[in-house]
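Colleague: This is the structure I want to talk about, given as structure tokens.
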Amino acid sequence: MATGMVLTLCLLTLRDKRPKSARYVLWPRIDQKSCIKCMVTAGFEPVVVEGKLVEDELQTDIDELHRRISLLGADNILCVLSTTSCFAPRGPDDLPKVAALCREYDIPHLVNNAYGLQSSKCMHLIEEAARIGRIDAFVQSTDKNFMVPVGGSVVAGYDKIFLNDIAQMYPGRASGSPSVDVFITLLSLGTGGYKKLLKERKEVFEFLKVELSAVAEKHGERLLSTPSNSISAAISLGGDCDRKTFTLLGSMLFARNVSGTRVVARGEVKEVGPLKLNGFGSHTSDYPISYCTAAAAIGATKEEVVLFVKRLDKVLRKWKANLKDSRVQCSNNQ
């Protein structure tokens, strides 16, 4: 099963290990619908914990997390669901501090590590958190980390009994295809081949940031400062345009076979399950600017980055020209 459904199984497994009053999941906000759906599908109530803005980066607000625990009561909280890998400008959660808080209050701690297996930084956070605090399980996607078709995930942790309980929770029989896909891929790559890809990904990401910074400055924008994020980067998109104008930029990129980028406009409101999230897409209610993200996941090459940046440059030039023409026309009409 994919990451979201496996997280649902993890939550359901925790249900029998917590007091019957435990119906809340403390969730440092990350704007991906599957994160919300996994909590709602399992029958629990998400409690959104907004991050704090440090320069351009959204980071975990430990004080707010502590306040929510005190307010709700530890026995009424099923777990904390934190995140490592995510789209910029959000950084990974401060797992060691979150884990220490969970150990202090004896609250389970699940980690959404969807992209994180390919990032040594994310894995170090998990190891450090487990050393000084509490982590019950962390879940990573097979397609994002092993370059296989979508539909699989890996559950890991430090308690074999709990992991076995998660496995036993699944009703019926599951498909073996994701396991076979991973097995074939790893057998083909070997340990050396996979480690080589991990090393190359780091180099490609640094190259991506340099190239994005250059093209951003060329168009009067800038690379956002998100030093904690080791997979995704973002550039600002200035102007007081409406959301449709920013959506146009995303569609222009997609029409040129650029997929995976996210164009996020300020002020979008989205209802997902029981939650109404202001500023959806930016991981916070009021991020100060609109922006566009790009990521360097495992398997990406410098040649692909060069091609992407070349197309981004052309699209930004055309988009900015259209934006300028629209403003002139609007001014003349007034």
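The values are calculated or read from the model by the stated rules, or taken from the named source; none is laboratory data. What you see is a predicted model, and the numbers here were worked out from it, not measured in a lab. Neighbour counts run over all protein chains shown; Cβ positions are idealised from the backbone, glycine included. SASA here: full protein model, heavy atoms, side chains in, ligands and nucleic acids out. Shrake-Rupley method; radii C 1.70, N 1.55, O 1.52, S 1.80 Å.
Colleague: Within the stretch 271-292, take every residue that is farther than 16 Å from Pro89 by Cα and in contact (Cβ under 8 Å) with a residue 24 or more places away in the chain and give me the one that is surrounded by the fewest Cβ atoms within 10 Å (Cβ to Cβ).
Modeller: Pro274
Colleague: Which of the residues belonging to the stretch 29-55 are within 15 Å of the chain's Cα centre (by Cα), under 19 Å from Arg262 (Cβ atoms) and either open to solvent by 40 Å² or more (accessible area, probe 1.4 Å) or not charged (D, E, K, R) (or both)?
Modeller: Ile30, Gln32, Lys33, Ser34, Cys35, Ile36, Lys37, Gly51
Colleague: Could you tell me which residue of the stretch 228-270 is most open to solvent (accessible area, probe 1.4 Å), considering only residues that are within 22 Å of the chain's Cα centre (by Cα) and among the β-branched types (Val, Ile, Thr)?
Modeller: Checked the stretch 228-270; the qualifying residue most open to solvent (accessible area, probe 1.4 Å) is Thr247.
Colleague: I'd like the full set of residues that are free of Cβ contacts under 8 Å to residues at least 60 places away in the same chain and crowded, with 16+ Cβ neighbours inside 10 Å, limited to the stretch 8-22.
Modeller: Matches in the stretch 8-22: Thr8, Ala22.
Colleague: Of the residues that sit in the stretch 1-28 and are closer than 14 Å to Val80 by Cβ and hydrophobic (A, V, I, L, M, F, W, C), which one is nearest to the chain's Cα centre (by Cα)?
Modeller: Among residues in the stretch 1-28 that are closer than 14 Å to Val80 by Cβ and hydrophobic (A, V, I, L, M, F, W, C), the one nearest to the chain's Cα centre (by Cα) is Trp27.
Colleague: Given Phe205, Phe162, which one is surrounded by 14 or more Cβ atoms within 10 Å (Cβ to Cβ), farther than 28 Å from Phe280 by Cα and among the aromatic types (Phe, Trp, Tyr)? Walk me through it before giving the result.
Modeller: Numbers: Phe205 fails: farther than 28 Å from Phe280 by Cα.
Just a single option satisfies the conditions, and that option is Phe162.
Colleague: Moving on to the next point. In contact (Cβ under 8 Å) with a residue 24 or more places away in the chain and more than 22 Å from Tyr115 (Cα to Cα): is that true of Glu217 in this structure? Can you show your working first?
Modeller: Values: in contact (Cβ under 8 Å) with a residue 24 or more places away in the chain: no; more than 22 Å from Tyr115 (Cα to Cα): yes.
So Glu217 does not fit the description; no.
Colleague: I've got another one for you. Hey, can you tell me all the residues within the stretch 61-88 that are polar (S, T, N, Q) and buried (at least 23 other Cβ atoms within 10 Å of the Cβ)?
Modeller: Filtering the stretch 61-88 for residues polar (S, T, N, Q) gives 70, 76, 82-85.
Ser82, Thr83, Thr84, Ser85 - these are the residues of the stretch 61-88 that are polar (S, T, N, Q) and buried (at least 23 other Cβ atoms within 10 Å of the Cβ).
Colleague: I'd like the full set of residues that are over 23 Å from Ala296 (Cβ atoms) and open to solvent by less than 80 Å² (accessible area, probe 1.4 Å), limited to the stretch 180-202. Write out each step before concluding.
Modeller: At the first step, the residues of the stretch 180-202 found to be over 23 Å from Ala296 (Cβ atoms) are 180, 183-184, 187.
Hit for the stretch 180-202 is Val180, nothing else.
Colleague: Can you name the condition, by its number, that Leu72 falls short on among (1) farther than 22 Å from Phe280 by Cβ; (2) modelled with pLDDT under 95?
Modeller: Result: Leu72 fails condition (2) only.
Colleague: For Ser251, are the conditions met, namely being among the hydroxyl-bearing types (Ser, Thr, Tyr), under 18 Å from Lys218 (Cβ atoms) and modelled with pLDDT of 90 or more?
Modeller: Values: among the hydroxyl-bearing types (Ser, Thr, Tyr): yes; under 18 Å from Lys218 (Cβ atoms): no; modelled with pLDDT of 90 or more: yes.
So Ser251 fails the test.
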